[in-house]
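Trainee: This structure is in structure tokens; I'll ask about it shortly.
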Amino acid sequence: MPLRLATLGRCNLEDENGNVINVPSQSLLICAYLYDVGKPVARRDIAKLLWPGNRDAAATNLRSTLRRFTQATQDIAAPIISVEATSLSLNREVLHCDLEFNGLASPLERFQAACSAVAMQFLPSLGGGKTALDTWARDVRLRLLSGLRAQFLALAVDPVLRPQANADLRRAAVLLLEADPHDHEIRNLLSAELGTKKSGEAVPAVAASPAPLAAGRNDVNHSTQPRIALLPPHTSKEASREGSVANALIEDLTIGLCSSRFVSVVAPYTSERIQASKDKASVLEKHNVVYALDSRRNETHLFVQLIFTPTEEVIWAERFELSPVSIASHRTTIAQAIQNQLMSRIGSHQSAVGDFSRRPEAYFLYLKGLQSLSSISLPGTRRARKYFKEALDHGSDLPEALAGMSRTLTMEWILTARGDDDLLKKAEYFADNAIKQNGGSASGFKELGVSRLFMGQIDESLAALAEAESLSPQYADVLCSHADSLIHNSDPKNAIVKIKHAISLNPISPDIYFWTAAGASYFLEEYQQALDYIGRMSSKRLAARLAAACCGMMGDIDKARVYRAKVFEDNPSFDLERWLAVVPHKEPWQTEMYREGLIRAGF
């Protein structure tokens, strides 16, 4: 029975039913290389390609790989790899490959297959390095891309086939422009298809993106525009099964943005893989995405939010009704409206992009700092401060890194619970400097509000946070900090509303969101609700004091004492009265309510 070598989006040997056959991974690369070359290749060249370095070790590895491959495929009537004394060749009678689409009879079928080949990517695990194997993988991708472009140009001017190929031509244009945003011939053909202007869009040009195209695609021209990924609410399989009009809307928007000269758009297949990733932030960083349009849907609405990925700031969000009738008839209009909003937001945000694009080293250090703050701990906080400080060594005028420094200092103040005024003064200093560098940055005002809160300046804190929220109404971190200040302002009722809004904007919420929601719930005398929020934290020990107070107020003294023990394990010198003296509350009843809960818990 013939076997199939799958090289697009994966690297597998499959039987006629699609079942994967377990063979050495290096043997698959040998098959792929022999298929691509199309003629016998010297054994020493194959060995050098796969195992560069020691020639004798490479020869031994090759013999071992071929022996194991032969054993794994011994049920096949004829050998897949013909092994001669000095060369290797591929038996194409028993092994087919998913790159064999040039033999398809219909030009439209060949075009669709070529489009899929570029989208799925040839041997995706290769291409990011400098080895001969990586260079070969990139070369194959370039040839596939070149073939797709040639077919695109031929179909685009074919009066008979073009009407049948319109949807496929649009999808191919997205892939071609992702690879080379400066391909004006493709862009102009797409613009003509969409009926859009070829130039003169009423949006200011945006500064360069901070890094080259995604790993594995550095064989093509680099973009001078910031990259945007539009993340669909469903996978393509789910969308096809459910007839998802939401995915169709996102695809319309993707194609429309490709006609713009001010952004580089990540192709839908890549965006789908980003959306499905367990670590979305790191994958966005890997693909050098500056803006991500995240989308989610329920039965009646599509929710979209535009995220500036260097700071994880939500700079725009909107909700659209998904009435089948209205969406079907107005998809293009709605997509154009969203596109106009996006370009307006991106245009007004260009100075922030410029900060990071001019100093990419600082940008990546800043990202490492943010990643260190993803879990709340003293070591993580101090590690983040080290990265932010190193980012500032590349330029002391980076407002986001200055704001990051401020954030680490207030976090250390909270975690150590010693009431160290010097930490707060330094936090205020860095926040002030962030605002001086960029008065339109919500992050600077946010951190100024947090530092002033713990300095006991509650009114000044609320004013700074209100300014931050006016600058960036959808920035969930700002809403969380604003909610915390409202708690200390003796307004837990409005605080719980604001923190719930923050959680809705950032559903995979960091612990600080749930900690804040638990604090608001405590002062609303919703003690079980507070414990439920604490239960959603990945590191519940951080809120052990608050959990102990909740259990104390509920009369569950045994559980309260368990939490009390955790507090002293983490902070043996914790002193209740000293802590209450430095925690600011607008009205005395809050301090007394917190004291009562902690005393009942055994503090």
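Trainee: Positive end of the dipole of region 455-594, charges at C-beta (+1 Lys, Arg; -1 Asp, Glu), about the Cα centre: which of 583, 505, 547 has its Cα farthest in that direction?
Mentor: 547
Trainee: In region 76-115, what percent of the accessible surface is made up of carbon and sulfur (1.4 Å probe, ligands and nucleic acids excluded)? It would help to have the intermediate numbers written out before the result.
Mentor: Values: 1050 of 2050 Å².
It is 51 percent, rounded to a whole number.
Trainee: According to a simple spin-label model (label point 7 Å from Cα along Cα-to-Cβ), what is the distance in nm between residue 25 and residue 595?
Mentor: 6.2
Trainee: Something else: Report Rg (one decimal) and Dmax (nearest whole number) for region 418-503, counting Cα atoms only, units Å.
Mentor: Values for region 418-503 (Cα only, Rg and Dmax): 12.3, 35 Å.
Trainee: What number do you get for region 88-134 when its Cα radius of gyration is normalised by 2.2 N^0.38 Å, N = residues?
Mentor: For region 88-134, the normalised Cα radius of gyration comes out at 1.45.
Trainee: Cβ neighbours within 10 Å, averaged per peptide: list 559-570, 175-186 in order, most packed at the top.
Mentor: Highest mean packing first, the order is 175-186, 559-570.
Trainee: Give the accessible surface of region 401-557 per residue, rounded to a whole number of Å², with probe radius 1.4 Å and ligands, DNA and RNA excluded. Mind showing how you got there, number by number?
Mentor: Values: 5590 Å² over 157 residues.
Heavy-atom accessible area per residue stands at 36 Å².
Trainee: Send over the per residue convex hull volume for region 462-567, Cα only, as a whole number of Å³. Walk me through the intermediate numbers first.
Mentor: On the way: hull volume 8.8 nm³, N = 106.
In region 462-567, the Cα convex hull volume per residue is 83 Å³.
Trainee: In µm²/s, what is D for region 25-80 at 10 °C and 1.306 mPa s, where D = kT/(6 pi eta Rh) by Stokes-Einstein and Rh is the Kirkwood radius from Cα pairs? Walk me through the numbers on the way to the answer.
Mentor: Numbers: Rh = 11.8 Å.
D, rounded to a whole number, is 134 µm²/s.
Trainee: I would also like to ask the following. Can you grab the distance from the C-alpha centre of region 89-158 to the C-alpha centre of region 482-534, Å, no decimals?
Mentor: Each part's Cα centre sits 52 Å from the other's.
Trainee: Right, next: Anything over 20 Å Cα to Cα? Flag those among 386/426; 130/389; 389/436, in the order listed.
Mentor: Violating the 20 Å Cα-Cα cut-off are 130/389.
Trainee: At q = 0.09, 0.14, 0.15, 0.18 Å⁻¹, what base-10 log of I(q)/I(0) does the Debye formula yield for region 1-152 when every alpha carbon is treated as an equal point scatterer in vacuo?
Mentor: Log10 of I(q)/I(0), two decimals: -0.29, -0.71, -0.81, -1.15.
Trainee: Another one. If eta is 0.692 mPa s and T is 37 °C, what Stokes-Einstein diffusion coefficient results for region 541-588, Kirkwood Rh from Cα pairs, in µm²/s?
Mentor: Answer, rounded: 287 µm²/s.
Trainee: When the accessible area of region 475-603 is split by element with a 1.4 Å probe, what percent falls to carbon and sulfur?
Mentor: That fraction is 51 percent.
Trainee: If packing is taken as the mean number of other Cβ atoms within 10 Å per residue, what is the order of 18-26, 112-120, highest first? The partial results should precede the final answer.
Mentor: Values: 18-26: 12.9, 112-120: 20.9.
Order by mean packing, descending: 112-120, 18-26.
The values are calculated or read from the model by the stated rules, or taken from the named source; none is laboratory data. The structure presented is a predicted model; accordingly, all values stated were derived computationally and were not measured. Cβ coordinates were reconstructed from backbone atoms using ideal geometry, including for glycine residues, and neighbour counts include every protein chain displayed. Keep in mind that these areas ignore ligands, DNA and RNA; they rest on the heavy atoms of the full protein, side chains included. Shrake-Rupley method; radii C 1.70, N 1.55, O 1.52, S 1.80 Å.
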